Structure formats: C-alpha cells, structure tokens
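Data block below; observations after.
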Amino acid sequence: MAKLQVVTLPTREIRTSALPDIDGAPGGTLHGFGILADTLNDLPPALGFGVVNPIREHCFVPAVSAISLREPATHDSLYTLISEEDLEETPFHAVKLPSQSDTHTLITEELSTWFLDQLP
C-alpha cells in the first residue's frame, strides 16, 4: 500500500500469504491509505516519515460483510457475484447494493432514490 521512507533505518518490504485480497473487494471504500500518507507527508521532513503512496483507497466494508451474507475469509467469498437469491439469505428486510463500489457512506442518487422508495 505504501513505502515508508524512514531516514535512519533501511526500508524493507513485508508480504503476507494465506490472506484474502480484501483491499480491492467490492464494497464501500475509504481513502485510508491516502489519509495516512498525507498525514505522514505533512510532518517535517527532518522526522523522516515521508511516504510513497501509489494506492490511496481500499475496501473499507466488503459488500458480503455489510449485508451479512458470508464471511470475507477467502478470495471467492469476497469476489463471487451476489445474486438476487443471495440477497434473500441476508438477515435484513431489504437490501440494495450500488451498481459500483463507492466511498463508504457516500450519499448517491441511486441509493437515495431506492431508500425513499422504501418509505410508506
């Protein structure tokens, strides 16, 4: 997600394995990596916390998790399309997924229209 440019210590790359690639999963996004990078880059350069940050956003709330459909434990559980039949498996009375991943809690015309249509 980023490379910390610490002045006094050599940088190193750390990789993980056996974890699902959740950062790009369908669902609500957050510019968390960008927020962190901007904050570190705003510190005085003498502190040595500059960051190279090519990826500014990540999946903050995977869709399958948000609607309590399945555990986001594997790539398949995160990326398998959610069907209309799947929506009936959630514990919620009504569910609407946006047509594309958007910023978490972003109010869009698509979702607002659906929400207003749910009112009696």
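Tell me, what % of the accessible area of the chain is carbon and sulfur with a 1.4 angstrom probe?
With neighbouring chains kept in place, the figure for the chain is 59 percent.
May I ask you to rank Arg56, Arg70, Arg15 by accessible area, largest first, using a 1.4 Å probe over the protein chains only?
Descending accessible area places them as Arg15, Arg56, Arg70.
Can you tally the net charge around Gly28? Count Lys and Arg as +1, Asp and Glu as -1, for every other residue whose Cβ sits under 12 Å from the Cβ of Gly28.
Net charge in that neighbourhood comes out at -2.
Between Thr108 and Thr80, 0.36 nm times their residue separation minus their Cα-Cα distance comes to what?
Length gained between Thr108 and Thr80: 7.7 nm.
Would you mind working out the accessible area per residue for the stretch 61-120, using a 1.4 Å probe, and quoting it in Å²?
Numbers: 4540 Å² over 60 residues.
Per-residue accessible area for the stretch 61-120 comes out at 76 Å².
Rounded if a/c is under 1.5, else prolate if a/b beats b/c, else oblate: with a ≥ b ≥ c from the C-alpha gyration tensor eigenvalues square-rooted, which is the stretch 4-119? It would help to have the intermediate numbers written out before the result.
On the way: a/c = 4.27, a/b = 1.91, b/c = 2.24.
In terms of gyration-tensor shape, oblate.
The values are calculated or read from the model by the stated rules, or taken from the named source; none is laboratory data. Predicted model, so just to flag it, every value in this text is computed and none were measured. Glycine gets a Cβ as well: all are built from the backbone with ideal geometry, and neighbour counts include every protein chain shown. In case anyone asks, the SASA skips ligands and DNA or RNA and just uses the protein heavy atoms, side chains included. Shrake-Rupley method; radii C 1.70, N 1.55, O 1.52, S 1.80 Å.
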